[in-house]
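Each value in this text was obtained by applying a stated rule to the coordinates, not by laboratory testing. For clarity, every value in this text was computed on a predicted model and none was experimentally measured. Methodologically, a virtual Cβ is constructed for each residue, glycine included, from the backbone with ideal geometry; neighbour enumeration extends over all protein chains shown.
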Amino acid sequence: MSEDELLSRRHPVQEDMPMQQRVWRFERVGWYVLVAIVLLALAGLFGNGPLSDAEVVSQDGRVRVEYQRLSRSGTTDSIFITVQGIPGQPVEVQLEGSLLRDASIETLQPEPQQSMSHGQAMLFQLGTKQDGVATLYLTLRSEHVGTLGGSVRAGPESVVHFSTFLYP
């Protein structure tokens, strides 16, 4: 900028150029912040996107859980559980945690061969495919705000823990 553009004028309107430059700088910072928020939202910071998709696997590799790490209260969230078992023999899967207390299960597919409560947990008996893999797909809805935790267990050694943060 030239020196004339940086000086405050009195005619035809009184100006305060140093103040005007601070306002412009503040506006630019505001625009950058808004763009960053929109990009983070598109990336899944507030649910459904690469930042919120998560997967955990047990140490022995038998249990894998795919879930949403970040979500919103009142929305439907999916949990996909995969368990490696013995071909042709049912697998027992135990689901427990605050997830069961503060969320309602809306969908459970495929239908387990057996399901029962086991203290604070749910116990499902799932059939396996020819390759020994059993899958369970759950959709959950919660009006809770904050963190919901859960764990999936298929035997004493095969356990995974996961948690979801729900925005209001």
Exercise. Modelled label-to-label distance, ARG28 and GLU111, 7 Å Cα→beta-carbon offset: nm?
Worked result: 6.5 nm
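Give a quick list of trypsin sites (Lys or Arg not before Pro) in segment 76-142 that DSSP marks as loop, anything other than H, G, I, E or B, with at most 11 other Cβ atoms within 10 Å. Walk me through the intermediate numbers first.
Details: sites: ARG101, LYS129, ARG141; in loops: LYS129.
Within segment 76-142, the qualifying trypsin sites (Lys or Arg not before Pro) (loop, at most 11 other Cβ atoms within 10 Å) are LYS129.
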Problem set entry | Per-q log10 I(q)/I(0), segment 108-168, q = 0.12, 0.16, 0.17, 0.24 Å⁻¹ (Debye; single scatterer per alpha-carbon; no solvent) | -0.39, -0.68, -0.76, -1.24
Problem set entry | Computed helical MRE - 222 nm, the chain, DSSP H runs ≥ 4 contributing -39500 (n - 2.57), nearest 500 | -6500 deg cm²/dmol
Exercise. Separation between the LEU39 and VAL13 pseudo-spin-labels, each 7 Å from Cα along Cα→Cβ, expressed in nm?
Worked result: 3.4 nm
Problem set entry | Rounded tilt (10° steps) of 17-43 against the dominant C-alpha axis of the chain | 20 degrees
For this session: May I ask for the percentage of alpha-carbon pairs in segment 51-131 that lie more than 22 Å from each other?
Result: 29 percent
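Please work out the FRET efficiency for the pair GLU55 and PHE165, using the Cβ-Cβ distance as r and a Förster radius of 22 Å; give the result to the nearest 0.05.
So the FRET efficiency works out to roughly 0.85.
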For this session: Quick one: P(r) of segment 1-117 from all Cα-Cα pairs, 5 Å bins, percents rounded to integers, in order of increasing distance.
Result: 2, 8, 11, 13, 11, 9, 7, 5, 5, 5, 5, 4, 4, 4, 3, 2, 1, 0, 0
Exercise. Once label points are set 7 Å from the Cα along Cα→Cβ at both TYR137 and GLN125, what is their separation, rounded to one decimal in nm?
Worked result: 2.4 nm
Problem set entry | Choice from LEU45, LEU99, LEU34 with maximal GNM fluctuation in the chain (Cα, 10 Å cutoff) | LEU34
